[in-house]
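Chemist: Just passing along the structure, written as structure tokens.
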Amino acid sequence: MKIEVRADGTVIIEGYINVAERESRPVITPHGLVNERIESGVFQRAIDAAQNINMTIDHTTKVVASTKKQTLKLYEDAIGLRAYSEITDTETIKAAQDGRVKGWSFGMRNVQDNMEKRVDKLPLRHITGMTLDHVTLVINKTPAYAATSAELRAGGDETMLEERCMDTEISVIQTKKEIDYTEYENRLKQIKGEK
């Protein structure tokens, strides 16, 4: 993950949210404890089918960027799900400046999968389709791909929401606005009689 705190007060955060085709550590799913692997192309199909995907903080309802507002760009490449976001939320900017952003996570619904039974290993859940509910920045939680939660949404939406986190290396860059002192230096030279 790369975080750039710009002089104009925006924060650019980009990096991989999840790597496709990589087997996870054990996660709790509707099938019980399994390892899982998100098949290549699943993320891109989910992005293409979505009208909007929000970026939140710690899986809350606080939205800091979205694909609809074009402050969040999501795509799947040969490695996995990649994000580029432009954030103006002051709390998130402060967390980025303080180095408190720990990683990425995502939530998925309507998961299509098939299970592979294995000898002397946990079953392997192959995720072949999903609805990408949201992506999130992890600030106050601990990111690890093995960290997971599943909850049934209220309000008649009987779809299971599964959340996954992933550790990534964090790089924070702060750009400072360069101040041009040329005009003042010229005035000083005039006052001193040097010009």
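The values are calculated or read from the model by the stated rules, or taken from the named source; none is laboratory data. Quantities reported herein were computed from a predicted structural model and do not represent experimental measurements. Neighbour counts are summed over all protein chains in view; Cβ atoms, including those assigned to glycine, are modelled from backbone coordinates with ideal geometry. Just so you know, the surface numbers come from the protein's heavy atoms only, side chains and all, with ligands and any DNA or RNA stripped out. Shrake-Rupley method; radii C 1.70, N 1.55, O 1.52, S 1.80 Å.
Chemist: Identify, by number, the condition in (1) of a type in the set (A, V, I, L, M); (2) more than 11 Å from the chain's Cα centre (by Cα); (3) closer than 22 Å to residue 141 by Cβ that residue 20 doesn't meet.
Modeler: Condition (3) is where residue 20 drops out.
Chemist: Every residue in the stretch 75-90 that is without any contact (Cβ under 8 Å) to a residue 24 or more places away in the chain and of a type in the set (D, E, K, R), please.
Modeler: The answer is 77, and nothing else.
Chemist: Sticking with this one: What's the total number of residues in the stretch 104-123 that are in a loop (DSSP other than H, G, I, E, B) and either in contact (Cβ under 8 Å) with a residue 12 or more places away in the chain or aromatic (Phe, Trp, Tyr) (or both)?
Modeler: 3
Chemist: Consider residue 105 against the criteria (1) modelled with pLDDT under 90; (2) open to solvent by 10 Å² or more (accessible area, probe 1.4 Å); (3) hydroxyl-bearing (Ser, Thr, Tyr): it satisfies all of them except one. Which criterion is unmet?
Modeler: It fails just one condition, (2).
Chemist: Another question about this same structure. How many residues, within the stretch 1-24, are among the polar types (S, T, N, Q) and closer than 16 Å to residue 43 by Cβ?
Modeler: Selection size over the stretch 1-24: 2.
Chemist: Please count how many residues of the stretch 56-68 are open to solvent by less than 20 Å² (accessible area, probe 1.4 Å) and of a type outside the set (A, V, I, L, M, F, W, C).
Modeler: Count: 3.
Chemist: Continuing with the same structure: Restricting to the stretch 1-42, count the residues that are among the acidic types (Asp, Glu) and either over 14 Å from residue 124 (Cα atoms) or in contact with a Phe, Trp or Tyr (Cβ under 7 Å, 6 or more places away or on another chain) (or both). Outline the logic, then answer.
Modeler: First, pick out the residues of the stretch 1-42 that are among the acidic types (Asp, Glu): 4, 8, 14, 21, 23, 36, 39.
If we keep only those that are either over 14 Å from residue 124 (Cα atoms) or in contact with a Phe, Trp or Tyr (Cβ under 7 Å, 6 or more places away or on another chain) (or both) as well, we get 4, 8, 14.
Matching residues across the stretch 1-42 total 3.
Chemist: All but one of (1) of a type in the set (A, V, I, L, M); (2) at pLDDT 95 or above; (3) open to solvent by 10 Å² or more (accessible area, probe 1.4 Å) hold for residue 93, so report the exception by its number.
Modeler: Evaluating residue 93 over (1) of a type in the set (A, V, I, L, M); (2) at pLDDT 95 or above; (3) open to solvent by 10 Å² or more (accessible area, probe 1.4 Å) leaves (2) as the failure.
Chemist: Taking into account only those residues within the stretch 72-90 that are among the hydroxyl-bearing types (Ser, Thr, Tyr) and surrounded by fewer than 18 Cβ atoms within 10 Å (Cβ to Cβ), which is modelled with the lowest pLDDT?
Modeler: Checked the stretch 72-90; the qualifying residue modelled with the lowest pLDDT is 90.
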